[in-house]
Amino acid sequence: MNSRSCAIEVEQLVREFRKGPRAVDGIDLAVSPGEIYGFLGPNGAGKSTTVLTLTTLLPPTSGRASVGGYDIVRDGAHVRASIGAALQEAALDAILTGREHLTLQATLQGMPKAERARRAQELLERVGLTEAADRRVGGYSGGMKRRLDLALALVHRPRILFLDEPTTGLDLQSRSALWEEVARLAHDEGMTVFLTTQYLEEADALADRVGIIDHGKIVAEGTPTQLKEEIGSPTVEVVPADPTLGETLVEQLTRFGTLARNGGGAVTVQLPGGESQLAEIVRALDQAHLKVASLQLHQTSLDDVFLAKTGRKLEGAGEDEDER
Amino acid sequence: MSVSAAASNGVPALVQPSLVDQVGAVARRSVTRTFRQRGLLVFPLVFPLLLFAINGSALGAARKINGFPDVSYRDFALAIPFIQGALFVAVSAGTDLARDIESGFFNRLALTPLRGSALLAGQLGGAVVVACVQSLVYLAVGIASGVGIASGFGGALVLLALSILIAFGFAGLGALLALRFGSGEAVQGFFPLLFVTIFLSSSNLPRNLIKADWFREVATYNPVSYLIEGVRSLIITGWDGEALALGFGFALLLCVITLSLAGASMKNRLVRT
Amino acid sequence: MTRRFYSVARGVAWRSVHNTFANPAIILPSIIFPLFFLAAFAGGLSSISDVPNFDYKPGYTAFQFAFVLLQSSAFGGVFTGFAVARDFDSGFARRLLLCAPQRSGIIAGYAAGALVRWFVTGAIVTVAALLAGMSVEGDGVELVGLFGLGVLVNIVAALWACGVAMFLRTEQAGALIQMPVFIVLFLAPVFVPLRLLSGWIHAVARYNPATVALEAARGLIAGSPVKLALAFALLLGGAAIMSLWARRGLASAERAG
């Protein structure tokens, strides 16, 4: 991908904190215009630091990056004019109303006076906050705050949107609503979205491509399907009803695929033929009179990708991220 | 609003809102926030007036000290609420800014074309509006309680101007603390120290009547003494050129120092490439 | 008082004392403010002793010391209320309510913590006043009586503060805890004796219970006790009333869950 066709291009980006670790340790990535790029990693991986750097709020220690065709160090003002950002904290003023937030943002973005109120109303309608528009934000629910946050990021019609863990702490309904809006922005309006998340299903559901980051480095990158296929096929995990029959169970199951794990009372085997082999397995176990306590099919997930690349599961990994 | 030269390849030109627009927007927000949090407005009004009422009466006997000016103690004490009010403005302005930093709202502002100087001016502008209201209330209550303004109506206007200038300088201090430490708790932690400077001054007695040598020395070197004496001269003396010159002089110096330092801290805090 | 009451009280008191002394941001203001008031009032207003009919024999430093000692005692209790309010805001108070077998021990624990804090503050303020040249004409018994007054003021203020904090269960209660104590203290003869006050403040101070405690304290320092029985009676009565108030606050907190 050359820089002309990239909305975001990052080359060996490093961000090191004084007396601290390298939060971002030489990452390379490129995001095409109109793409939703999911940046997935545990707490402390370097996701938010990357976002703060790309949005010009943190200068990089070394490396280069361009956003919207502008260098993040030399052309910071142009970068900021091209992007909208909803950062990790919703960062709203509890005393102001939703409408006042939007009007303030519009004023600070240099929008002509005549257009501010109109744009505020348009965005309130878009994110479904018209009824709450003139209520103080302190009384908004978490979902409402996130929607307002998104609206504020869109006030000046940016071409590129940065969303830093936008659905953390939201209920399922609010999360789905936000996903829908993000997908619409990208697919209908051609907006480029750089989305950080620690939720696998969010990256799976939304992202056209995913970059997995751990300890400041990108450990894997590709479409969700590509990444999962790279790791391998689904696995089946079986726990025998009689623990002494473990070896017999291994014998039976390894007829269908390679042994992945044998321990903790469970036998796990990788299935090259996928879930279609499940019926055969059940028949074979039945014919061998092997009773099972449980049988579970595991589709490969991005968590498995993370596990394969780092030796750790994504969920539960990572300390608290110290961003600044 | 100004528009920079458009980049090539049809890239949108950079829009720079006017400084007036930016300052106005920030100041409007600052004032709105204050007037919507009644507690923030009521306490700085009530507390200094409460102290004025209590001390004005409790120290009434002080006027029997040989050499005390020939006015009631209440007249003498009215200058103090203006300085205490300025302190509250400082803490309030600082806490507001610190809260923006802590909550991440500062980052939101940093992502707009907002200039650091506009952000500072807007925050302080809001503080000045509050200081105006406070000063008017203190003056009105003072006059209603029987205090005479020796310098007349013109002097009352000069008094308001001086007290607002003092509040502006203190608000700069509040902003400096907020930008330097980025924490509302740190700003509030300085409040007692600032309060101490009012007591260690000529707030309760004229400097020449302070018996304890060390206290008189401290009060003499304490700039707050001259701020108080400047305000007080308009109430009990009339037009005292020296006191006014010192009062306005120190107030301006306070403004210059705090605003310069706050401006420098803003540059460091508003880190953007 | 049962063993469970004492064990709860001891546990809460230990935590209160530990948190206070382990955190300079908490202990330092409660030491510095009284010292500062002593310096500002005794130093800055010492000319008041030249006012005709000001005849307090030990001098103005001792005159102000009495006020500062009782004020530090009262505010020691107030600061404990802040800590209680913080515990409710953070959720720790709920933990206490859940595990304490005898919940009234919680109040006693907070009050005991306040007292320990004040012993340290009071000692430092006393030493500072003595170093500043304060003259004390009371004997040992009278000085014990002086500190006894301080103990009771601290208990009354701590129970008041605990009650408010438990009723409101938020740090925002700070102003409501503090202001009444502040007003009661400053509507007493802080700067001059009662007979040198005039106007409305004289009328208010005459009936202010804090005036009785303050005059009793000054009398003890001067070696001429005045209104001692009344002062102790008022403070003991105040402690009884405030313990009921605090208990009501605790009940309110229990009901809220």
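Coordinate-derived values only; no laboratory data. Remember, it's a predicted structure, so these values are computed and weren't measured experimentally. Please note: Cβ atoms are built from the backbone with ideal geometry, for glycine as well, and neighbour counts cover all protein chains shown.
What helices does chain C have that are whole DSSP H segments, at least 27 Å long along their own axis by Cα, and with mean Kyte-Doolittle hydropathy of -0.5 or more?
Working: long enough: C:3-22 (28 Å, -0.30); C:60-90 (44 Å, 0.77); C:104-131 (41 Å, 1.66); C:140-168 (42 Å, 2.06); C:228-256 (41 Å, 1.08).
Length and hydropathy pass: C:3-22, C:60-90, C:104-131, C:140-168, C:228-256.
Residue by residue, what Karplus-based ³J(HN,Hα) values in Hz, rounded to whole numbers, does segment B:186-200 have, using 6.51, -1.76 and 1.60 with θ = phi - 60° and x for Gly and Pro?
After applying 6.51 cos²θ - 1.76 cosθ + 1.60, I find 5, 4, 5, x, 7, 4, x, 4, 5, 4, 4, 5, 6, 5, 7 Hz.
Which translational diffusion coefficient, to the nearest whole µm²/s, is obtained for the protein assembly as shown from the Stokes-Einstein equation, given a Kirkwood hydrodynamic radius over C-alpha pairs, 10 °C and 1.306 mPa s? Walk me through the intermediate numbers first.
Values: Rh = 31.7 Å.
Rounded, D is 50 µm²/s.
Give me the percent relative contact order of chain B, please, defined on Cα pairs under 8 angstrom at least 6 residues apart.
24
At q = 0.12, 0.18, 0.25 Å⁻¹, what base-10 log of I(q)/I(0) does the Debye formula yield for segment C:75-156 when every alpha carbon is treated as an equal point scatterer in vacuo?
Evaluating at q = 0.12, 0.18, 0.25 Å⁻¹ gives log10 I(q)/I(0) of -0.48, -0.82, -1.21.
List the lysines whose Cα lies under 26 Å from the Cα of residue C:57, skipping any in the same chain that are fewer than 8 positions away.
In chain and number order, the partners are B:64, B:211, C:227.
Mind counting lysine pairs for me in chain A? Cα separation below 16 Å, and the two need to be 8 or more apart along the chain or on different chains.
Values: A:47/A:217; A:217/A:309; A:228/A:309; A:228/A:313.
So the count works out to 4.
Roughly speaking, what is the stretch gain from residue C:227 to residue C:131, that is 0.36 nm per residue apart minus the C-alpha to C-alpha distance, in nm to one decimal? It would help to have the intermediate numbers written out before the result.
Details: separation 96, 0.36 × 96 = 34.56 nm, distance 2.85 nm.
Residue separation times 0.36 nm, minus the Cα-Cα distance, leaves 31.7 nm.
What's the average, rounded to a whole number, of partner chain beta-carbon atoms within 10 Å of each residue's beta-carbon in C:48-59? Can you show the working numbers first?
Working: counts 9, 2, 7, 8, 4, 2, 3, 0, 0, 0, 0, 0.
Counting Cβ atoms of other protein chains within 10 Å of each residue's Cβ and averaging gives 3.
Take each of the peptides B:28-37, A:167-176, average the number of other beta-carbon atoms within 10 Å over its residues, and list them starting from the highest.
Numbers: B:28-37: 18.6, A:167-176: 14.8.
Highest mean packing first, the order is B:28-37, A:167-176.
Taking Cα pairs under 8 Å and at least six residues apart, what relative contact order does chain A come out at, in percent?
Over chain A, the number comes to 21 percent.
Could you work out the pair-distance distribution P(r) of segment B:65-151 from its alpha-carbon pairs, with 10 angstrom bin width and percents rounded to whole numbers?
Reading the bins upward from 0: 15, 33, 22, 16, 10, 3, 0.
Nearest 20 debye, what's the magnitude of the dipole of chain C about its Cα centre given +1 on Lys and Arg Cβ and -1 on Asp and Glu Cβ? Present the calculation step by step, with values, prior to reporting the outcome.
On the way: 18 positive and 10 negative charges, 220 e Å.
Once rounded to the nearest 20, the dipole reads 1060 debye.
Compare the Cα positions of C:8, C:224, C:48 along the charge dipole of chain C (+1 at Cβ of Lys, Arg; -1 at Cβ of Asp, Glu; about the Cα centre) and return the one farthest towards the positive end.
Sorting the options by dipole projection puts first C:8.
Arranged from highest to lowest average of other beta-carbon atoms within 10 Å per residue, in what order do the peptides C:116-128, B:186-198 appear?
Details: C:116-128: 19.5, B:186-198: 16.7.
Per-residue Cβ counts within 10 Å, averaged per peptide and sorted highest first, yield C:116-128, B:186-198.
Based on C-alpha coordinates, I'd like the Rg and Dmax of segment B:208-260, in Å.
Values for segment B:208-260 (Cα only, Rg and Dmax): 12.3, 37 Å.
Determine the percent antiparallel among the DSSP beta bridges restricted to chain A, to the nearest 5.
65
Between A:199, A:267, A:183, whose Cα lies farthest towards the positive end of the dipole of chain A when Lys and Arg beta carbons carry +1 and Asp and Glu beta carbons carry -1, centred on the Cα centre?
Positive-most Cα among the choices belongs to A:183.
Quick one: divide the alpha-carbon radius of gyration of segment B:18-269 by 2.2 N^0.38 Å and tell me what you get.
On the way: Rg = 18.5 Å, N = 252, 2.2 N^0.38 = 18.0 Å.
Rg over 2.2 N^0.38 Å, computed on Cα atoms: 1.03.
From the Cα trace of segment C:42-194, what convex hull volume per residue do you get, rounded to a whole Å³? Don't jump to the answer; show the numbers that get you there.
Working: hull volume 18.2 nm³, N = 153.
Residue-normalised Cα hull volume stands at 119 Å³.
Take every DSSP beta bridge with both residues inside the protein assembly as shown and express the antiparallel ones as a percent of the total, to the nearest 5. Present the calculation step by step, with values, prior to reporting the outcome.
Values: 37 of 55 bridges.
Here the antiparallel bridges make up roughly 65 percent for the protein assembly as shown.
Can you give me the C-alpha center-to-center distance between segment A:17-77 and segment C:166-215, rounded to a whole angstrom?
Distance between centres, Cα-based: 59 Å.
What do the square roots of 5 times the Cα gyration tensor eigenvalues come to for chain A, in whole Å, largest first, as semi-axes of the equivalent ellipsoid?
Details: eigenvalues 394, 106, 57 Å².
Semi-axis lengths for chain A are 44, 23, 17 Å.
How large is ³J(HN,Hα) for each residue in segment B:250-261, as worked out from phi by the Karplus curve 6.51 cos²θ - 1.76 cosθ + 1.60 (θ = phi - 60°), to whole Hz, x for Gly and Pro?
Per-residue couplings from phi come out as 5, 5, 5, 4, 4, 4, 4, 5, 5, 6, 5, 5 Hz.
How many Cβ atoms of partner chains, on average, are near each residue of A:260-266 if near means within 10 Å of its Cβ?
Details: counts 0, 0, 0, 0, 0, 0, 0.
Partner Cβ neighbours, averaged per residue: 0.
Amide H of residue A:213 versus every other amide H placed in the peptide plane: which residues, excluding those fewer than 5 positions away on the same chain, fall under 5 Å?
Under 5 Å from the amide H of residue A:213: A:40, A:41, A:219.
What does the average come to when, for each residue of peptide B:108-118, you count the partner chain Cβ atoms lying within 10 Å of its Cβ? Each step should come with its number before you reach the end.
Details: counts 15, 4, 4, 18, 11, 7, 4, 0, 0, 0, 1.
The mean count of partner-chain Cβ atoms within 10 Å per residue comes to 6.
Please report the equivalent ellipsoid semi-axes of segment A:233-299, computed as sqrt(5 x eigenvalue) of the Cα gyration tensor, largest first, in whole Å. Present the calculation step by step, with values, prior to reporting the outcome.
Values: eigenvalues 56, 33, 20 Å².
Each semi-axis is the square root of five times an eigenvalue, giving 17, 13, 10 Å.
Taking amide H atoms as placed 1.01 Å from N in the peptide plane, list the residues 5 or more away in sequence, or in a different chain, whose amide H sits under 5 Å from that of residue C:135.
Answer set, sorted by chain and number: C:62.
Using a simple charge model, +1 on the beta-carbon of Lys and Arg, -1 on the beta-carbon of Asp and Glu, nothing else, what dipole does the protein assembly as shown show about its Cα centre, in debye to the nearest 20? Walk me through the intermediate numbers first.
Values: 72 positive and 69 negative charges, 531 e Å.
Roughly 2560 debye for the protein assembly as shown.
If you put +1 on each Lys and Arg Cβ and -1 on each Asp and Glu Cβ, how big is the dipole of segment B:18-269 around its Cα centre, in Debye rounded to 20? Show your work: numbers first, answer last.
Working: 18 positive and 12 negative charges, 109 e Å.
The calculated dipole for segment B:18-269 is roughly 520 debye.
Helix-only mean residue ellipticity at 222 nm, chain B, DSSP H runs n ≥ 4 weighted -39,500 (n - 2.57), per residue, nearest 500. What is it?
On the way: 11 runs with 198 residues, N = 273.
That calculation yields -24500 deg cm²/dmol at 222 nm.
Could you go through segment B:174-180 in sequence order and give the Karplus-derived ³J(HN,Hα) for each residue, using 6.51 cos²θ - 1.76 cosθ + 1.60 with θ = phi - 60°, rounded to whole Hz, and x for Gly and Pro?
x, 5, 4, 5, 5, 6, 6
Counting pairs of alpha carbon atoms under 8 Å apart in space and at least six apart in sequence, what relative contact order in percent does segment A:53-145 give?
Numbers: 83 pairs, mean separation 23.1, N = 93.
In percent, rounded to a whole number, it is 25.
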